[in-house]
Amino acid sequence: MIEVRKVNKTYSMGKEIVKALDDVSLRINAGDFVAIVGPSGSGKSTLMNLIGGLDTPTEGQIFVDGKDISHYKDKEMSKYRNEKIGFVFQSFNLENTLTALENVMMPLIFAGVKEKTRKEKALKALELVDLMDKTKNRPMEMSGGQRQRVSIARALVNDPHIVFADEPTGNLDSKNGKAIMELLHELNKKGYTIVMVTHNMEQAKQAARIVSICDGRTREVNRDEI
Ligand code: ADP
Ligand code: ADP
């Protein structure tokens, strides 16, 4: 479904060139649950940004459902993100002035979905994350775990092909973090494809696949290795 083929990504910092990804090839299949692990600065965000359509590679190709997105222009890229990708952030990135329901409806406004359908879809997504009793609450009235559920519902509302979770439990205590991991696994069982960046090795071990990244090079690892 997603195939990263011989991708390099370099950034120029004045005269210096930083190689963030070095000859990366990686396949993500529909229904996968992939954990991406690696030290700070190893290239995790760069990889997520390329597959997630937030940036383009310097060299190489990224095929999504057979189409090469590596040369997409801004407009095509935002369409790709809207239609195919759900993002979950460590810091939730919710709009504090909006209710849970309104936050979840946001991506549908950008996608031009009619109001009635927006509400139906958003409620369905909130049901998936078991948050039907908080639809009218604003983020400040919710726990960290509940906020992350809202952000997961927002990521799911467009029926994405793939959900990217960047340290989804990084701002949560261990109890809430565990509950969010259980939710992600439950969603994966329902068929959602999940790619998660984590520093937490115990979480990584629960994923079906683990990809480690070091100095911009990826390697598939066995759970016994970590
Ligand atoms: P990680 O997410 O694993 O911490 P990143 O993908 O953010 O790693 O970074 C990989 C490398 O690329 C690092 O050396 C980082 O400093 C560099 N880098 C990332 N983004 C930029 C940028 N916008 N400009 C210059 N260098 C960058
Ligand atoms: P951090 O890991 O520092 O907490 P975030 O989780 O907020 O950062 O964001 C992770 C990545 O997602 C960043 O590389 C950023 O470029 C991207 N990003 C942040 N906000 C948005 C957004 N609203 N839409 C799409 N991408 C975003």
Exercise for the section: Scan the stretch 133-140 and give yes if some residue there is free of Cβ contacts under 8 Å to residues at least 40 places away in the same chain, of a type in the set (Lys, Arg) and open to solvent by 80 Å² or more (accessible area, probe 1.4 Å), otherwise no. Expected result: yes
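Is it true that Phe92 is hydrophobic (A, V, I, L, M, F, W, C) and at positive phi?
Taking the combined requirement at face value, the residue satisfies it.
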Exercise for the section: Kindly provide the set of residues from the stretch 36-56 that are near ligand 1 (Cβ under 9 Å from one of its atoms) and either under 13 Å from Val211 (Cα atoms) or under 11 Å from the mean Cα position of the chain (by Cα) (or both), ordered by number. Expected result: Ile36, Gly38, Pro39, Ser42, Gly43, Lys44, Ser45, Leu47, Met48, Asn49
Fill in the blank from the handout: Of the residues in the stretch 14-35, those that are within 16 Å of ligand 1 (Cβ to nearest atom) and either crowded, with 18+ Cβ neighbours inside 10 Å or not acidic (Asp, Glu) (or both) come to Gly14, Lys15, Ile17, Val18, Lys19, Ala20, Leu21, Val24, Leu26, Val34, Ala35
Fill in the blank from the handout: Just one listed residue, out of Pro107, Pro168, Pro160, is within 16 Å of ligand 1 (Cβ to nearest atom), closer than 25 Å to Gly53 by Cβ, in contact (Cβ under 8 Å) with a residue 12 or more places away in the chain and buried (at least 19 other Cβ atoms within 10 Å of the Cβ), and it is Pro168
Exercise for the section: Restricting attention to the stretch 1-47, report how many residues are β-branched (Val, Ile, Thr), farther than 22 Å from Asp68 by Cα and either touching a residue at least 12 places away in the same chain (Cβ under 8 Å) or out of contact with any Ser or Thr (no Cβ under 9 Å at 6 or more places or on another chain) (or both). Expected result: 2
Handout entry: Members of the stretch 199-216 found to be surrounded by fewer than 20 Cβ atoms within 10 Å (Cβ to Cβ) and in a strand (DSSP E or B), listed by number
Key = Arg209, Ser212, Cys214
Completion exercise
Expected single match for open to solvent by 50 Å² or more (accessible area, probe 1.4 Å), at pLDDT below 95 and over 29 Å from Val221 (Cβ atoms) among Glu102, Glu83, Glu95 is Glu83
Completion exercise
Counting only residues in the stretch 65-118 that are away from ligand 2 (no atom under 15 Å from the Cβ) and among the acidic types (Asp, Glu), the one farthest from Leu156 (Cα to Cα) is identified as Asp68
Handout entry: Residue satisfying all of: in the stretch 77-104; aromatic (Phe, Trp, Tyr) and within 16 Å of ligand 1 (Cβ to nearest atom); nearest to Thr169 (Cα to Cα) among these
Key = Phe89
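The values are calculated or read from the model by the stated rules, or taken from the named source; none is laboratory data. Bear in mind the structure is a predicted one, so any value in this text is a computation, not a measurement. Methodologically, a virtual Cβ is constructed for each residue, glycine included, from the backbone with ideal geometry; neighbour enumeration extends over all protein chains shown. When the accessible area is computed, the model is the full protein with side chains, heavy atoms only, and any ligands, DNA or RNA have been set aside. Shrake-Rupley method; radii C 1.70, N 1.55, O 1.52, S 1.80 Å.
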